[in-house]
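To start, the structure itself, in structure tokens.
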Amino acid sequence: AKYIAQCIEEIKQELRQDNINVKCNAVAKLTYIQMLGYDISWAGFNIIEVMSSSKFTCKRVGYLAASQCFHPDSELLMLTTNMIRKDLNSQNQYDAGVALSGLSCFISADLSRDLANDIMTLMSSTKPYLRMKAVLMMYKVFLRYPEALRPAFPKLKEKLEDPDPGVQSAAVNVICELARKNPKNYLSLAPIFFKLMTTSTNNWMLIKIIKLFGSLTAIEPALGKRLTQPLIDIISRL
């Protein structure tokens with residue numbers, strides 16, 4: 001404990017430096033100390049400063065520390081809205097990607113409301129890397145801010161037929177999770193899921209789709225007859 005206390009004092013000295021690289025290194029040390037069970041919430045302002053760096057190597061460290069230190073009730077999150085929006089709209093896909101990854105760990109209802117449109121825009125990005133992350137991130141947004149589901153649903157439905165298999169799989173995962181609470185709302189998507197089930201070779205995605213159909217057949221029993229042969233075909237391929 002004495003050694004850790006000494007290290008923290010040294011880190012505090014480094015955080016007072018003007019050099020962003022020194023601060024970044026100090027925040028990286030704090031992430032390790034946090035993993036040992038020590039509280040680092042006192043460094044919240046410093047973490048935000050490193051998150052806002054224009055250097056990706058520093059930004060990545062900042063978002064990592066934020067994902068470990070911040071939580072949806074953190075008061076400092078109100079200071080991050082514009083900074084995160086700037087990263088989400090960055091021309092560098094990795095800036096936007098690291099922002100989405102970090103945000104998923106501490107997104108609050110206010111951040112969900114304020115950033116929902118920016119994340120929805122990324123669902124139509126030309127880069128599959130960002131489309132996939134944005135689709136998955138929207139699930140966290142829906143949990144914190146359910147009002148975002150209605151305007152986002154058409155884009156989410158589009159992603160079920162995305163040319164990239166990673167994006168397609170992400171959309172299936174999100175809709176399957178949403179359908180666990182209210183499968184009736186997703187009955188209209190049965191034709192798309194039926195097409196995916198009969199054409200996809202992604203076993204993990206097929207498992208999700210079959211589970212979803214298990215919920216949908218309880219609402220629409222007629223689906224059961226149509227599913228029999230495709231299920232036999234899938235089992236015979238395994």
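Could you work out how far helix 223-237 tilts from the main Cα principal axis of the chain, as a 0 to 90 degree angle to the nearest 10?
It is inclined by approximately 70 degrees.
Using the Karplus curve 6.51 cos²θ - 1.76 cosθ + 1.60 with θ = phi - 60°, work out ³J(HN,Hα) for each residue of segment 201-213 in order, rounded to whole Hz, and write x for Gly and Pro.
Each residue of segment 201-213 in turn: 10, 7, 4, 5, 5, 4, 4, 4, 5, 5, 4, 5, 5 Hz.
Checking the cross-link filter: which aspartates and glutamates have an alpha carbon closer than 18 Å to that of residue 29, excluding same-chain neighbours under 8 positions apart?
Partners found: 9, 10, 14, 18, 39, 49.
With θ set to phi - 60°, apply the Karplus curve 6.51 cos²θ - 1.76 cosθ + 1.60 along segment 100-107 and write out the HN-Hα couplings as whole Hz, x wherever there is a Gly or Pro.
With coefficients 6.51, -1.76 and 1.60, one gets 5, 5, x, 4, 4, 8, 9, 4 Hz.
Could you list, by residue number, the cysteines of the chain that have no other cysteine's beta carbon within less than 4.7 Å of their beta carbon?
7, 69, 105, 176 - these cysteines have no disulfide-compatible partner (Cβ-Cβ under 4.7 Å) in the chain.
Among 172, 190, 51, which residue has its Cα furthest toward the positive end of the charge dipole of the chain, with +1 on Lys/Arg Cβ and -1 on Asp/Glu Cβ?
Toward the positive end, the furthest listed residue is 190.
Assuming 0.36 nm per residue, please report the length gained on full extension of the stretch residue 21 to residue 78 beyond their Cα-Cα distance.
Value of the extension gain: 18.0 nm.
For segment 44-55, what does the Karplus curve 6.51 cos²θ - 1.76 cosθ + 1.60, with θ = phi - 60°, yield as ³J(HN,Hα) per residue in whole Hz, taken in order and with x for Gly and Pro?
Per-residue couplings from phi come out as x, 4, 5, 5, 4, 4, 6, 4, 7, 4, 7, 8 Hz.
To the nearest 20 Debye, how big is the dipole of segment 1-69 about its Cα centre, given +1 on the beta carbon of each Lys and Arg and -1 on that of each Asp and Glu?
Approximately 180 debye in magnitude.
Measuring from centroid to centroid over Cα atoms, what is the spacing of segment 1-30 and segment 95-168 in Å?
Spelled out, the Cα-based centre of one part sits 34 Å from the other.
Could you work out how much longer the chain between residue 89 and residue 229 gets when fully extended? Use 0.36 nm per residue separation minus the Cα distance between them, nm to one decimal.
Difference between extended and current length: 45.8 nm.
Where a Cα-Cα gap under 27 Å defines reach, which lysines qualify for residue 184, not counting those fewer than 8 residues away within the same chain?
133, 140, 155, 157, 159, 195, 208, 211, 225
How would 80, 228 line up from fewest to most surrounding beta-carbon atoms within 10 angstrom?
228, 80
Using a Förster distance of 22 angstrom, determine the FRET efficiency expected from the C-beta separation of residue 173 and residue 198, and round it to 0.05.
Given R0 = 22 Å and the Cβ-Cβ separation, E is 0.70.
Rounded to the nearest 500 deg cm²/dmol, what is the calculated helix-only ellipticity per residue at 222 nm for the chain, with -39500 (n - 2.57) per DSSP H run of length n ≥ 4?
-23000 deg cm²/dmol
Using unit Cβ charges (K, R positive; D, E negative) and no other charged atoms, how large, in debye to the nearest 20, is the dipole of segment 71-179 about its Cα centre?
Using only the charged Cβ atoms, the result is roughly 180 debye.
Throughout, read-outs are computed from the coordinates displayed, never taken from laboratory work. What you see is a predicted model, and the numbers here were worked out from it, not measured in a lab. Cβ coordinates were reconstructed from backbone atoms using ideal geometry, including for glycine residues, and neighbour counts include every protein chain displayed.
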